[in-house]
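The structure appears right after this line, and notes come after that.
Since every read-out is calculated from the coordinates, none of them should be taken as a lab result. Just so it is clear, the model here is predicted, and its values are computed rather than measured. With ideal geometry, Cβ positions are generated from the backbone for all residues, glycine too; neighbour counts draw on all protein chains shown.
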């Protein structure tokens, strides 16, 4: 601690050291750096020195976060949800990478003290994307969130807390909107009357998922509630998806809301906070790529698989690729799956069986993406 670099605040370093001690992190404290990730919590990458067993020192890194209890006013319930979900994944899918939060001596995955509400997790070397027009990255993000849903599909969602009550209760959102319109406390309703009229005109459509759930036609699931591409960590070299992060809003919900939120972010022509709202719109090719990734985890042997796909408004190329492994799209999807699993023997076998050239496969994928984008551009200008 006495030889800290000048860029480090000794008070912050001392605090992070104390947090590490509370979570029983071994090894001498070495350094820290603040990470600008997200807009809510304060996040630090904290580095410790470890002996690798051969007498050589190595660096072991962790993430320390001070949770924003103004934004998340039920932090104990939030951390309880995270604990249940991550422990379930660790227990039932031990080979899958999942966030690991450390516990204190009292078996809490959090620390409350005079300086705030803290938690500590393993650091995962990775890259993230705040926006991306690479269709393969978008597809991989869809697969990551599909895997997340699949792993938790048998988890009892009712055992989780609603950390943000009525977060996706669209009927109540509309009730609040109408009440605010009637009161008009800032005198601005007239300025946005056109936008408000449009919102009111689609009320029943916007509330459809909520209504179906209340009618008992949709099941309650574990939902992430912040399904943005930047909440997926990707391998620094292969760019394969590693793990879904930012579990602060994990709670009971409807999968359709997670899907819609993902498309809003991943298939938008502009970023979600762009000041150029007039440029916002649905990028069909990116939406299709996300959907192929998300649905690729489904079991083709399920007798309801084909009927399920027929109920969805998917393009024939996506349906054929998902349903028929012997179709060209299906074969390519299978090669992609083997590639992502690192099963090079199977990749070589399929390439040899069908006489493919990997360079040609890449060219085909690029041409397909270009073709899809041209179709989108034509539809947008029509």
Descending packing, highest mean Cβ count within 10 Å first, for 114-122, 275-283 is 114-122, 275-283
Quick calc: nm separation of the 7 Å Cα→Cβ label points for residue 172 and residue 348 -> 5.8
Extension length gain for residue 12 and residue 105 (0.36 nm per residue less Cα distance), in nm, is 31.2 nm
In whole angstrom, the spacing between the Cα centers of segment 140-166 and segment 181-235 equals 19
With T = 37 °C, eta = 0.692 mPa s and Kirkwood Rh from C-alpha pairs, the Stokes-Einstein D of segment 166-270 in µm²/s is about 202
For residue 181, placing the label point 7 angstrom along Cα-to-beta-carbon and taking segment 205-225, residues whose amide nitrogen sits under 20 Å are 205-211
Among segment 238-280, those whose backbone N falls under 17 Å of a label point 7 Å along Cα→Cβ from residue 71 are 245-251, 272-274
Note: segment 152-200 at 20 °C, 1.002 mPa s; Kirkwood Rh on alpha carbon pairs; Stokes-Einstein D in µm²/s works out to 159
Length gained if residue 204 through residue 127 is fully extended, taking 0.36 nm per residue and subtracting the Cα-Cα distance, is 23.7 nm
1/(1 + (r/R0)^6) with r = Cβ-Cβ of residue 240 and residue 277, R0 = 41 Å, i.e. FRET efficiency to nearest 0.05, evaluates to 0.75
Expressed in Å to one decimal, the Kirkwood Rh of segment 1-146 from all distinct alpha-carbon pairs is 17.2
